[in-house]
Amino acid sequence: AYNLVLIGLVTSVISIYYYIRVVKMMVVKEPQEMSDVIKNYPPPRWDLPGMRPLQVSLVIAVIATSLAGVLSNPLFTLANDSVVKTPLLQAAQDTSSTVAVTLPATSDSSF
């Protein structure tokens, strides 16, 4: 499998070269390299109608997403506990634990 590892390394180096070029062009692009459309684009105006509700909703979305990521384990535990404690699941577990399956003992070990 050394050939596959070598191919993977070579293709990774090639892809890193191309991706680094894209990032470099996004970050370090000189102003004279910009097109005329981008040079003439108007600056953003934050005083437009509807911008304040948009800003507030974006901040609320970021806070809610962050809290959901941080509190996901307790939420999953709560959801799991609520499902496990349902009467239907308890009855199904009790039924399955009372059923015993016995396999005949064989001396043939040709599995």
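The values are calculated or read from the model by the stated rules, or taken from the named source; none is laboratory data. Keep in mind that this is a model prediction, so the values were computed, not measured. The accessibility values were calculated without ligands, DNA or RNA, using every heavy atom of the protein model including side chains. Shrake-Rupley method; radii C 1.70, N 1.55, O 1.52, S 1.80 Å.
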- prompt: Which numbered condition trips up ILE60, out of (1) open to solvent by 80 Å² or more (accessible area, probe 1.4 Å); (2) at pLDDT below 85?
  reply: (2)
field: Test for PRO53: is it modelled with pLDDT under 85 and either open to solvent by 100 Å² or more (accessible area, probe 1.4 Å) or at negative phi (or both)
entry: no
